[in-house]
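What follows is a short report on a single structure.
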Amino acid sequence: METFLIVAGVFLLILVFMYNTLISKKNQVDTIFAGLDAVLKKRYDLLPNLIASVKEYMAHESITLEKITELRTKALMGELKNSERIALDKQLSSMLGNLMVAVENYPVLKANENFLHLQGSLNELEEQISAARRAYNQSVNDYNNAIEMFPTNMMANFMHLERKEIFSIPSRERQNVDVKNLFQK
Amino acid sequence: MKPSLSSLLDYYYESMYPLLKALEEKRLGIIATLKKAALTLFCGAAFLFVFLTHTNLFIPLHAFLLSFMSGFLMFMFVYRHERAGYDALFKDIVIEKMIHFIDSSLLYSKVNSIPEHAFKQSELFVESYDRFVGSDLVRGTIDGVDVHFCDLHVEKKVRDNDDKESWETIFQGLFFVADFNKSFYAKTVVLPDVAERNFGVLGSWMQGINRQRGALVKLDHVEFEKVFVVYGSDQIESRYILSHALMEKIVQFQKKIEKPLYLSFVDSKIYLALHYTKPLFEPILTRSVLEFNGIREYFELLMMITGIVTEFKLNEKLWSKR
């Protein structure tokens, strides 16, 4: 009887440990996603100012600007799933990248103090977003490993935990950010 | 402009050589004094040994130990006295001049060190210590970046099984502090990855439960992960600091230096500790100061240290740090 109780106790402890590990990994993903969301929000807050300051100079880029505004509105509209947010963020990052390339054709805008300040802030936010994406990917990777590896996969099945999607990191974010190039043109 | 080895050679012959000649004379004088002292003290010790054994006050072994130990201690006293004066002069003539040659705006103090609170704030070495000795403080601005560095030796007192006291080194070597090019609030510590290298997966698991250091930060740079282990109080900010570009630079720097490297990022500052087994700027008494190779070694060391700013691109500040 005693042996049975010991074995049952150890088994219960293992179950508790696996359950807690999975929950902590799931919460870690949520916490980091909240951090990522906070930086993304900062970027959304910056966009109206950015668009207002470039609009009058960049008449030929009105489609890009409209698209950026539309994506921002969509992102702020309400309850979006994590995967939808990820897709939206990817689109927005690519549009902003295009906009910053187009700025090169507007020398007056490039000399505008207000714009330079916004561009600087945006660049810093991009770095923070990139860091948050990397942190998110790592936490999702740990979580996905836990729900697929034996023996935690059995507990994960029981808890109906599903695989989460990771961000694809754009290759330009893996490169060195050339600050001089960004600011001293 | 970065000084080159050829410009050092010009500087060496034009500005340093006459002073070095005087220093070399002093060095030869010290060696002669030490030789004389050694000979005199040896003879004195031998005489004392003979005297003590003849008086039958001590057994020969005790008489031998007493006479030669006192001779040795007296020699060490003379050596330290002579050495201290020479070291100070060497630092004034060689190290200070060379630092000013590299960057005339830098300030040098041979007796000062970084403050203890900076060492504690870095959280690189969390063990409690009993002795904090530093020297050769260099401070100033390199490419617009505030820097401080010094030679540091931090030790703790340990007692062995026989209750015998001894000093154990916690850290010895270069301690470098500079403003980082990004603002941040969290704390990130980068340490040599001893556990994973020696114990593999088990080591990695052990790192994960090191609560003293904070949460383990697993990074997405394979080579960096092999060499270092990272702890941080914020997973996102640690990655904001340790971008792919910076991790690559740290790996390259480590490969070049081949010494245990410790880094921490606290309160928008970078702390770097490079472990050496000997003092950084002290002269070798048996080597002539007129040998250019010796001077070149100190120059290369100082160039490596001051080059950290450009190596890690600390001078390319992000917008909010400008």
Next item on the list: Taking 7 Å along the Cα-to-C-beta vector as the label spot, tell me the A:Met100-B:Trp167 distance in nanometres, rounded to one decimal.
Entry: 5.2
Item checked: Cβ-defined net charge surrounding B:Arg80, 14 Å radius [Lys, Arg +1; Asp, Glu -1] -> -2
Checklist line | Cα-based reach from B:Lys120 at 19 Å (exclusive), listing lysines while leaving out same-chain residues under 8 positions away | finding: B:Lys156, B:Lys157, B:Lys187, B:Lys269
Notebook entry, point to check: Which of B:Leu280, B:Leu19, B:Leu73 moves the most in a Gaussian network model of chain B with Cα springs under 10 Å?
Noted result: B:Leu73
Next item on the list: Run the dipole for the stretch B:20-89 about the Cα centre, Lys and Arg Cβ at +1, Asp and Glu Cβ at -1, nothing else charged, and hand back the magnitude in debye, nearest 20.
Entry: 120
Check: How many percent of the accessible area of chain B is carbon or sulfur, using a 1.4 Å probe?
Finding: 58
Item checked: GNM result for chain A, Cα springs below 10 Å: residue of A:Met100, A:Met77, A:Met58 fluctuating most strongly -> A:Met77
Checklist line | Carbon plus sulfur fraction of accessible area for the stretch A:2-183, probe 1.4 Å, in percent | finding: 59
Checklist line | 10 Å Cβ neighbours from other chains, averaged over peptide A:128-137 | finding: 6
Margin query: Which positions within the stretch A:73-121 get 10 Å² or more of their accessible surface covered by the other protein chains, compared to the chain by itself, with a 1.4 angstrom probe?
Written below: A:Leu116, A:His117, A:Gly120
Checklist line | Kyte-Doolittle mean at least 0.0, axial Cα span of 27 Å or more - DSSP H helices of chain B | finding: B:17-54, B:60-90
Next item on the list: Please list the helices of chain A that count as membrane-span-like by this rule: a mean Kyte-Doolittle hydropathy of at least 0.0 together with Cα atoms stretching 20 Å or more along the helix axis, each helix being a complete DSSP H run.
Entry: A:2-55, A:62-77, A:82-103
Checklist line | Estimated vicinal HN-Hα couplings, Hz - the stretch B:136-142 in sequence order (Karplus 6.51, -1.76, 1.60; Gly, Pro = x) | finding: 6, 6, 10, 9, x, 10, 10
Notebook entry, point to check: Given 0.36 nm per residue, what is the gain on full extension from B:Leu28 to B:Asn112 after removing their alpha carbon distance, in nm?
Noted result: 27.4 nm
Next item on the list: Enter the buried accessible area of the B/A pair, total of both sides, probe 1.4 Å, in Å² rounded to the nearest 100.
Entry: 2000
Item checked: Between the stretch B:71-131 and the stretch A:1-39, the Cα center-to-center distance that results, in Å -> 52
Checklist line | Estimated [θ] at 222 nm from DSSP helical runs (n ≥ 4, -39500 (n - 2.57)) normalised by residues in chain B, nearest 500 | finding: -14500 deg cm²/dmol
Checklist line | Overall dimensions of the protein assembly as shown by Cα: Rg and Dmax, Å | finding: 31.0, 110
Notebook entry, point to check: Near B:Lys35, which lysines are there with a Cα under 25 Å away, not counting those fewer than 8 places off in the same chain?
Noted result: B:Lys21, B:Lys26, B:Lys91, B:Lys278
Notebook entry, point to check: What's the local net charge at B:Thr286, with K and R +1, D and E -1, over the other residues with C-beta under 13 Å away?
Noted result: +1
Check: Anyone know which of B:Thr55, B:Thr169, B:Thr33 comes out most mobile in the 10 Å Cα GNM of chain B?
Finding: B:Thr55
Next item on the list: Taking only protein heavy atoms into account and a 1.4 Å probe, give the accessible area per residue of chain B in Å².
Entry: 52
Margin query: If amide hydrogens are placed 1.01 Å from N in the peptide plane, which non-local residues have theirs closer than 5 Å to the one on B:Ile142?
Written below: B:Val147
Margin query: Averaged over its residues, how many other protein chain Cβ atoms are within 10 Å of peptide B:310-318's Cβ atoms?
Written below: 3
Next item on the list: Can you work out the accessible area per residue across the stretch A:2-183, with the rest of the protein chains kept in place, probe 1.4 Å, in square angstrom?
Entry: 57
Item checked: Shielding of B:239-248 by partner chains, average beta-carbon count, 10 Å -> 5
Checklist line | Cα-projected label distance for B:Asn293 with B:Val50, points at 7 Å along beta-carbon direction, nm | finding: 4.4
Next item on the list: State, to one decimal in nm, how far the label point of B:Thr286 lies from the label point of A:Glu113, with both points 7 Å from Cα in the Cβ direction.
Entry: 6.6
Checklist line | Accessible-area ranking of A:Tyr19, A:Tyr57, largest first, probe 1.4 Å | finding: A:Tyr19, A:Tyr57
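The values are calculated or read from the model by the stated rules, or taken from the named source; none is laboratory data. Quantities reported herein were computed from a predicted structural model and do not represent experimental measurements. Note that we place each Cβ from the backbone using ideal geometry, even for glycine, and neighbour counts take in every protein chain shown. Calculation scope for accessible area: heavy atoms of the full protein, side chains included, ligands and nucleic acids excluded. Shrake-Rupley method; radii C 1.70, N 1.55, O 1.52, S 1.80 Å.
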